[in-house]
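Taking it in order: structure first as structure tokens, then the write-up.
The values are calculated or read from the model by the stated rules, or taken from the named source; none is laboratory data. Keep in mind that this is a model prediction, so the values were computed, not measured. Cβ: placed from backbone, ideal geometry, glycine included. Neighbour counts: every protein chain shown.
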Number of protein chains: 2
Amino acid sequence: MMKSLGEAALAAQPVLAAASREQKDKALLAAAAALRGNVDGILAANAIDMQAAEQKNLSAAMLDRLRLDVARVEAMARGLEDIARLPDPVGRVLAEWDRPNGLRISRVAVPLGVIGIIYESRPNVTADAAVLCFKTGNATILRGGSEAIHSNVAIAKALARAGAPEYAIQLIPFTDRESVAVMAGMDQWLDLIIPRGGKGLIETVVSLARMPVIKHYDGICHLYVDRAANLDMAVDLTVNAKTQKCGVCNALETLLVHQDIAAEALPKIAAALREKNVELRGCGKTRAILTEIAAATEDDWSTEYLDLILSIKVVGSLDEAVDHINTYGSHHTDTIVTADTPAAERFLREVDSACVFHNVSNRFADGGEFGFGAEIGISTDKLHARGPMGLRELTSYQYRVRGNGQIRG
Amino acid sequence: MMKSLGEAALAAQPVLAAASREQKDKALLAAAAALRGNVDGILAANAIDMQAAEQKNLSAAMLDRLRLDVARVEAMARGLEDIARLPDPVGRVLAEWDRPNGLRISRVAVPLGVIGIIYESRPNVTADAAVLCFKTGNATILRGGSEAIHSNVAIAKALARAGAPEYAIQLIPFTDRESVAVMAGMDQWLDLIIPRGGKGLIETVVSLARMPVIKHYDGICHLYVDRAANLDMAVDLTVNAKTQKCGVCNALETLLVHQDIAAEALPKIAAALREKNVELRGCGKTRAILTEIAAATEDDWSTEYLDLILSIKVVGSLDEAVDHINTYGSHHTDTIVTADTPAAERFLREVDSACVFHNVSNRFADGGEFGFGAEIGISTDKLHARGPMGLRELTSYQYRVRGNGQIRG
């Protein structure tokens, strides 16, 4: 069964790779219309999933991830239309040069091939991830979570009716653990697996996969208030990075403050965060200034709270800040606030993270905010794609070389 | 022990990442001098390996791969000097743009981190691979084959004495299978593993590795003589691609000939190949023309001979040629010979290989020939690096974003 899915995807992929931008965008618009046209069926399927989830006493957060309504289906449809408007990354000439022997060498963007997406409870991933792959000429095999199976099937059916090449987007009807293991061994058919979900899922896929995996692990993000920081800016950026949306990977988890400015900065920052109901946990030096807050333990420095909690540490130097971030962080997104440009430039060079920001809220680490038009996630890997992953990162390249009979001597 | 190697590499890597081009090149030149200065010691160590290999009755090809002499050590030293002359890929601004909110976003090339190289009998890999990683700011952990252990230790010692940051290049003193498995599980320290060697070694690493692996699998390379081919060019390119060096991955293994030109082309090509002692194996249609040659079996189409053997198939169309290549090939390097430009362009677009050539010998699939200055191999992967892998492919990138207090609304 899995083998026949793999073979169908492999057969569909060259058709999709050869499709023009117009053909792909037409199919995307038709898919958006199909989602809108099938909204009743999709919501009915989702109601079955929701009922089962409630009976299983899933958490409120889980239920919210699973729930679809007219607005959420409409958002999916709009997402498809947005992607249709983006330029086609396939076929771009990335580089071109001539060799002394007359060879003309071009590096040209091509699809990756067949991409496996393994995800958990959000049914919108079925549409969002599949169409990003579709736009980039990749076939997809989707394996969603068991809680969302009826919703996923209904969405995939709507997409499949939209005139895309047959088998370009396929949903595995199994949701057991075994199907993840089988997919992870399908390196004959799958060029890449992207797990979308919690650490446990990613871990499982990494352990089993024979093909490349692009991981979207934790964001343990830092903001460092340098001694030359503008204090108002430090307050604004900290509050925004921590509280604008605290359950996401680019939210702030640890604040570092230079000791020379700590006595002045910490009370201001703490007051602003208290208004937003943020719980603070500090190192010894922090608690000498903010005497009312709890002590941070060693574990706090490597915890992604995804909640209104912030750990705070006073550091003696820029070097100590960089060391702390490189040691305890997850190499995701880290910010320096300072008016000292050489200090900022050193921070940007020395912090080994996908995104390093100067005087910018960590929350801007996002494909949309970077201008990519769409993103499939934020990679914490260093190979192939790092940081926000847009359409560009869903392509590979090939070398096309044109000559006139050159032989090697 | 492996853990302490990993930790030492991780500690050395930021020092190396921050090194200037001048510092790195000075160390490379010193390493070249150290190889020359220690040539006697290196050759004495190699003599021990050679004696053991002869006692084990290793094949002549294996012995040749293992053997060092003054010229080969000199070639290693020159390789280091060549790499010192190449521009530093680290720190290049790959892209830069402004956002409407005033953010300035740069994508900048940075080192990958710590790279594991697992290789077999060639001791020169110890120097060649390590210094490519060194130039790109990556620390390396090398694990060579047991046959070459004395040579590898002598070379690594010479490199280590050359003033590079301590622990930037480390050789594992173990050569058992177990050490491969341990390395493959070291994803806490290794950002990438590159296995250099036969299919068995690569397979083992792929099955075990938790971190990304860049594979350099077989080259089952094709040359397709289109019906609009210049016949003299077809003969020259076929002979060059098959015989200029037949034991390498970009050598030709299967010749495809359009049926309309087969009766004229095949005898000419066969005569030229016979002069070079190439054994031919053909499909039925080929053997109707070249009656004296043996029949190709189904296995021949997916065999990398690495020898003076060529399989030949007559195809009815360009489509059939493309299908054959995409089905039986290894997506390495495939060539069309034709004077018909639209046919050539279709071939380049539709053949899903790392290198697709028009009127060029397959043997040009090489980092040196592409102008990269050096190569660590030819990737048969589609993620991160595809085709000849030079310095550029040994880097990752990070996003550096500069603002003036932007917060997300």
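General observations
- Pair list, Cβ under 8 Å, 6 or more apart: the stretch A:152-179 residue acidic (Asp, Glu), other residue in a helix (DSSP H, G or I): A:GLU166/A:ALA8; A:GLU166/A:ALA12; A:GLU166/A:ALA160; A:ASP176/A:SER146
- In this entry, B:ILE155 is excluded by the filter for residues that are assigned to a strand (DSSP E or B), buried (at least 24 other Cβ atoms within 10 Å of the Cβ) and aliphatic (A, V, I, L, M).
- Check on B:GLU304, in the same structural domain as B:ALA344 (by TED's automatic domain parsing), touching a strand residue (DSSP E or B) at 6+ places or on another chain (Cβ under 8 Å), assigned to a loop (DSSP other than H, G, I, E, B) and over 20 Å from B:ALA234 (Cα atoms): yes
- Which numbered condition A:TYR305 fails, given (1) out of contact with any helix residue (DSSP H, G or I) (no Cβ under 9 Å at 6 or more places or on another chain); (2) buried (at least 21 other Cβ atoms within 10 Å of the Cβ); (3) more than 10 Å from chain B (Cβ to nearest Cβ): (2)
- Hits in the stretch B:216-238 - residues which are modelled with pLDDT of 90 or more and either touching a Gly at 6+ places or on another chain (Cβ under 8 Å) or within 11 Å of another protein chain (Cβ to nearest Cβ) (or both): B:ILE220, B:CYS221, B:HIS222, B:ALA229, B:ASN230, B:ASP232, B:MET233, B:ALA234, B:VAL235, B:ASP236, B:LEU237, B:THR238
- Among strands (runs of 3 or more DSSP E) entirely within the stretch B:352-409, having at least 1 residues that are in contact with a Lys or Arg (Cβ under 8 Å, 6 or more places away or on another chain) singles out B:355-360, B:377-379, B:395-406.
- Output for the stretch B:63-114, where each listed residue is crowded, with 17+ Cβ neighbours inside 10 Å, within 13 Å of chain A (Cβ to nearest Cβ) and of a type in the set (A, V, I, L, M, F, W, C): B:VAL90, B:LEU103, B:ILE105, B:VAL108, B:ALA109, B:VAL110, B:LEU112, B:VAL114
- A:ALA241 falls short on exactly one of the conditions (1) closer than 16 Å to A:GLU304 by Cα; (2) touching a helix residue (DSSP H, G or I) at 6+ places or on another chain (Cβ under 9 Å); (3) more than 9 Å from chain B (Cβ to nearest Cβ); (4) not in a loop (DSSP other than H, G, I, E, B), and that condition is (3).
- Among the residues of the stretch A:387-409, those identified as more than 7 Å from every other protein chain (Cβ to nearest Cβ) and either closer than 24 Å to A:ALA374 by Cβ or crowded, with 24+ Cβ neighbours inside 10 Å (or both) are A:PRO388, A:MET389, A:GLY390, A:LEU391, A:ARG392, A:GLU393, A:LEU394, A:THR395.
- Restricting the stretch B:246-276 to residues that are touching a residue at least 60 places away in the same chain (Cβ under 8 Å) and in contact with a helix residue (DSSP H, G or I) (Cβ under 7 Å, 6 or more places away or on another chain), the residue that is nearest to B:SER311 (Cα to Cα) is B:THR254.
- Of all residues in the stretch A:11-29, those that are farther than 13 Å from A:ALA168 by Cβ and either out of contact with any Leu (no Cβ under 8 Å at 6 or more places or on another chain) or among the hydroxyl-bearing types (Ser, Thr, Tyr) (or both) total 5.
- Among the candidates A:HIS331, A:HIS384, A:HIS324, residue that is surrounded by 20 or more Cβ atoms within 10 Å (Cβ to Cβ) and either under 30 Å from A:LEU80 (Cβ atoms) or in contact with a strand residue (DSSP E or B) (Cβ under 7 Å, 6 or more places away or on another chain) (or both): A:HIS384
- Among the residues making up the stretch A:353-373, those that are facing another protein chain (nearest Cβ under 7 Å) and touching a helix residue (DSSP H, G or I) at 6+ places or on another chain (Cβ under 6 Å) are A:VAL356, A:HIS358, A:SER361, A:ARG363.
Matching residues to (1) out of contact with any Leu (no Cβ under 7 Å at 6 or more places or on another chain); (2) within 15 Å of A:ALA251 (Cβ to Cβ); (3) hydroxyl-bearing (Ser, Thr, Tyr):
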position: A:GLU264; (1), (2), (3): no, no, no
position: A:LEU273; (1), (2), (3): no, yes, no
position: A:VAL278; (1), (2), (3): no, yes, no
position: A:LYS285; (1), (2), (3): yes, no, no
position: A:ALA295; (1), (2), (3): yes, no, no
position: A:TRP301; (1), (2), (3): yes, no, no
position: A:ASP307; (1), (2), (3): yes, yes, no
position: A:GLY316; (1), (2), (3): yes, no, no
position: A:ASP319; (1), (2), (3): yes, no, no
